[in-house]
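Heads up: the structure comes next, in C-alpha cells.
The values are calculated or read from the model by the stated rules, or taken from the named source; none is laboratory data. All values reported here derive from a predicted model rather than from experimental measurement. Every residue, glycine as well, gets a Cβ built from its backbone with ideal geometry; the counts of neighbours run over all protein chains shown. The protein model used for the area step is the full one, side chains on, heavy atoms only, and it has no ligands, DNA or RNA in it. Shrake-Rupley method; radii C 1.70, N 1.55, O 1.52, S 1.80 Å.
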Amino acid sequence: MTHLTSVDYLVILSYLAATLAIGLWVGSYVRSGSDFFLAGRALPWWAVGMSLVATDIGGADLVGVGGDSYRYGIVMGNFAWIGCVPAMLVAAFVFIPHLWRCNVTTIPEYLERRFSVQLRASVAAVWLVLMACNLGVMLLASAQFMSELAKWDMSLSIVGVAILVGIYTWSGGLGAVVYTDVLQGIVMIGGCLMIVVIGICDLGGVESFIDKVHAAVHARARQAPAPAPTMIDEPSSVTRAKEKLRLTKTKEREREHLSLVLPVDTKSPGPWPAILFGLALVMSPGYWIGNQRIVQRSLGAKSEYEAKAAYVYGALLKGLIPFLVVVPGLIALVKYPDLAADQAGGALPMLVGRLLPEGLRGLFVAAFLAALMSSVSSYLIAATTIYVNDFYRRFYRPHADEGQMLLIGRWTTAGFVLWSVCVAFQMMSFGQSIYSVFQTLMSFVVGPTLAVLLAGMLSSRTSSEGALVGFFAGLFTSVSLFTMNLLSVRTWLDMPPLFRIDAPYLYYSIWAFLATICMTIVFSYFSRPDPAEKTRYSLWEWREEGGAA
Amino acid sequence: MTMLHWIGDTFRGQLLLVPLPAVRWLFIGLLLALMAWVVQLPSSETTPSGRHSAWYEDLKIWAWLALMFQVFVYSVF
C-alpha cells in the first residue's frame, strides 16, 4: 500500500478522537461494578446488535477473508452466513433469554449455578489464559497489519492501540466497549462498502464485474498444472481421455470458486462436512452462546426483549457482511489475477493502495483500525470480567461491594493492558504464524464449552461430575488431534496426516464436542443426579417454575 | 495408519458418496426448518412484554427475513 497523506492522517485522527470521546463520555456515567461489567443492564438492542457484528469481524479477518476469497472464492461467505445466522437466531430465542433471566455476569458463573464451582473455575481458567494470551496476539497482529498497510512502526502501533483501547475500557467498561463498537461498526462497514462500490464501478458496473469474475476464475482454473507427459507414445484415445479429465477438473475448480457448497475433497478450508457439522452446528453456536466476549454484551441489554432483538438485528447485519469482505477479494482477483497463493493475503491492501484516492485511503485504514480495536477491547473487557467475577469475587472477596468491584475492575483492565503489551513484544520474534496458532487454540475450547452448556441447559439429568469429566475429555481430544496432526509429530510417528485440509480446526471442534457430549452422558449416567437447586437452572425446569431464582 | 485414520477414512468415504445437490438441499432444508420453527414461536416470545407492541417490533418478521435471505443465497450460490 502507498504512503498515507496528511488528509488521510486527518481522517484517522478524527476517528480516533471520536472513539476516545465516546469512551470517556460513557465512562462518566459509570458508578459501580455492575455499570462497569454489564453497563448497568441498560444497553439498547441497536447498540448491542452492532457491537456483536463489530466484535465478530476482527481486523485480521478483514484482510484475511479478502485474501482467502481471492484464493478460494466465495466459500468464505459461509463463515458469516450459515456459520452465523442460524446460530444467532436460535441463541436469540432460546439460550440468550435464559442466560439473561438467570441474571449472571459470566458464562462460568452460570456453570456454577447449574453444575459446580469446580466446573466454573476450570472453564474460567481455560478461557482466561487463552484470552489473556490472545490479547497480546491481537495487539501484535494489529501492529503487523498496520505495518503492512500503512508502514507504521510496529512498537508504536502496539503501545498506541493498547493505550487507546485501555483508556476507554478503563473508563467505561462494557458500555464504552459497546458504544465505541457502534462507531467502529459504522466506520468498518462504511470503509468496506467504499472499496466494494469504487471497485465495482472501476470494473464497469455490476454486470461487467460478474462477467469479469467468471472470466478470471475460468483463467485461474485453467492455469492448474497439466498432467505430466509420458515418455512413451500414447494412443490417441488415452490422450483424448486425459484432455477430457483435465477439462472436467478445470470446470470443477471453476465451479468451486463461485460456490458455497464444496465437495469433501476440496483443498479449501470449507468442505461441506466441515462447514455444516463443524461450523454451523458446533463452532458457531459455541461462539454465539458460549463465548464470554460475545454473550456479555447481551447480558448487559436493558431487557430480555432487547437482548433477543440485538441478536436478531445482528443476524440481519451478518447477512450483508460477506458482500463487504468477500467481494473485495473477487475484485482483486479480476484486477490482479497473477498473485501467488502466498501473496493472496496482500490482495486487499494492494486494492486499497491502488484504487482509493487520498482521504479515502485514510478512511479505510480507520475502518481497519476500528476492526482491530473492537477485537482487542472485547478480549480486554471479557478477560477482566472473568478474572474479577469468577476468581477475585468468587474466591477472594465474596462480599466486595459495588465500589470495590469497580475499582478492581479498572485496575485489572490496566493490568491486562500492561500484560498484553509485554506479551505482544515477547511474541514479535514468532512471526505471523502465531496468530493462526492462537486462533486454533481458541477453537479447542469452543466445542467443550458449548457441549457442557447445552447438556446443562437442555437436560436436568446431566450431573456436575459428568460435565466436569466431559469438559476435560473434550479439551484432551482437541489438543490430542492438534498435536498428532503437527508435521513434526507425524514425521516422528511416521504416519500420514489425520486431516486432509490445511486448517482443520473445524474438524477439531466437531470431535471435541462429540467427546464432551459422550463422556458427559456416560459419567452422568453412573453418578448421582444433581440436587433440585442446581437442576432448576436447566431450561425446562426454569420455565416450569416460572423463572423464580 | 492408526485407528483414528481408519475412523476418519470411513467417515470420509461415506460422506464422499453424498451428491453435492443433496448437500445443497440439506443446507437449504436446515434453513427452511428454522423458518418453520420461527413462525410457530408464540408471540409472547417475540414481542416486548407488558405493553402493546407495533407490528415491526415482532422479532419473528426480522428473523424470518434474515433466514429467507439465507435460503436465497444458498439457492443461488
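The figures follow:
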| read-out | value |
| --- | --- |
| Residues that are surrounded by fewer than 17 Cβ atoms within 10 Å (Cβ to Cβ), among the polar types (S, T, N, Q) and either within 9 Å of another protein chain (Cβ to nearest Cβ) or in contact with an Asp or Glu (Cβ under 9 Å, 6 or more places away or on another chain) (or both), drawn from the range B:30-52 | B:S43, B:S49 |
| Some residue of the range A:311-329 being of a type outside the set (A, V, I, L, M, F, W, C) and farther than 30 Å from B:Y74 by Cα | no |
| Hey, A:V53 surrounded by 22 or more Cβ atoms within 10 Å (Cβ to Cβ) and within 14 Å of chain B (Cβ to nearest Cβ) or not | yes |
| Check on B:L16, out of contact with any strand residue (DSSP E or B) (no Cβ under 8 Å at 6 or more places or on another chain), facing chain A (nearest Cβ under 7 Å) and either of a type in the set (V, I, T) or under 23 Å from A:V264 (Cβ atoms) (or both) | yes |
| Among (1) away from every other protein chain (no Cβ under 14 Å); (2) among the hydrophobic types (A, V, I, L, M, F, W, C); (3) closer than 20 Å to A:V282 by Cα; (4) open to solvent by less than 10 Å² (accessible area, probe 1.4 Å), the one test that A:F115 misses | (3) |
| One residue from A:L320, A:L316, A:L324 being closer than 30 Å to A:M350 by Cβ, assigned to a helix (DSSP H, G or I), facing chain B (nearest Cβ under 10 Å) and open to solvent by 10 Å² or more (accessible area, probe 1.4 Å) | A:L320 |
| Enumeration of residues in the range A:249-266 that are at pLDDT below 75 and either at the interface with another protein chain (Cβ under 9 Å from one of its Cβ atoms) or open to solvent by 50 Å² or more (accessible area, probe 1.4 Å) (or both) | A:K249, A:K251, A:E252, A:R253, A:R255 |
| Some residue of the range A:85-95 being of a type in the set (V, I, T), more than 13 Å from chain B (Cβ to nearest Cβ) and either part of a helix (DSSP H, G or I) or crowded, with 24+ Cβ neighbours inside 10 Å (or both) | no |
| Selection within the range B:1-57 - in contact (Cβ under 8 Å) with a residue 12 or more places away in the chain and among the small types (G, A, S) | B:S43 |
| Selected residue (criterion: most open to solvent (accessible area, probe 1.4 Å)) from residues of the range A:164-214 that are assigned to a helix (DSSP H, G or I) and free of Cβ contacts under 8 Å to residues at least 12 places away in the same chain | A:E207 |
| Any hit, the range A:504-526, residues being within 23 Å of the chain's Cα centre (by Cα), crowded, with 20+ Cβ neighbours inside 10 Å and assigned to a loop (DSSP other than H, G, I, E, B) | yes |
| Candidates B:F27, B:F69, filtered to the one that is in contact with a Gly (Cβ under 7 Å, 6 or more places away or on another chain), part of a helix (DSSP H, G or I) and at the interface with chain A (Cβ under 9 Å from one of its Cβ atoms) | B:F69 |
| Verdict on A:S284 being of a type in the set (S, T, N, Q) and out of contact with any Asp or Glu (no Cβ under 7 Å at 6 or more places or on another chain) | yes |
| Selection count where residues are part of a helix (DSSP H, G or I) and either open to solvent by 80 Å² or more (accessible area, probe 1.4 Å) or among the aromatic types (F, W, Y) (or both), scope the range B:4-24 | 5 |
